[in-house]
1. Angle, helix 4-45 long axis vs. longest principal axis of the chain, Cα atoms, 0 to 90°, nearest 10?
2. Of [x] 5.5; [y] 3.5; [z] 4.5, which is the value of mean projected area of the Cα convex hull in nm² derived from the coordinates here?
3. Can you give the FRET efficiency for GLN44 and ARG24, using 1/(1 + (r/R0)^6), R0 = 22 Å, r = Cβ-Cβ distance, to the nearest 0.05?
Amino acid sequence: MELWVPLLSEYGFPIMVTLYLLNRLERKLDRVTEAVETLPAKLQQSPNA
C-alpha cells in the first residue's frame, strides 16, 4: 500500500488527462469516419458534377 500512494499521486493525473483526451479524439475520429463514408453518396447527388 505504501507504494501505491506515491504512484497514484505522481501518475494519476497524467493518466486521467490522457484517457480524457483519447476519448475526445476517438469521438472526433468517429465523426470524421462517418463523414468520409457518406461523402460518395453526397458527391453523386451534387448537381455540379
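1. That works out to roughly 0 degrees.
2. Label [z] holds the value from this structure.
3. Numbers: r = 32 Å, r/R0 = 1.47.
Efficiency, rounded to the nearest 0.05: 0.10.
Rule-based calculations on the coordinates, nothing more; no lab input. Keep in mind that this is a model prediction, so the values were computed, not measured. All Cβ positions, glycine included, derive from the backbone under ideal geometry; neighbour counts span all protein chains shown.
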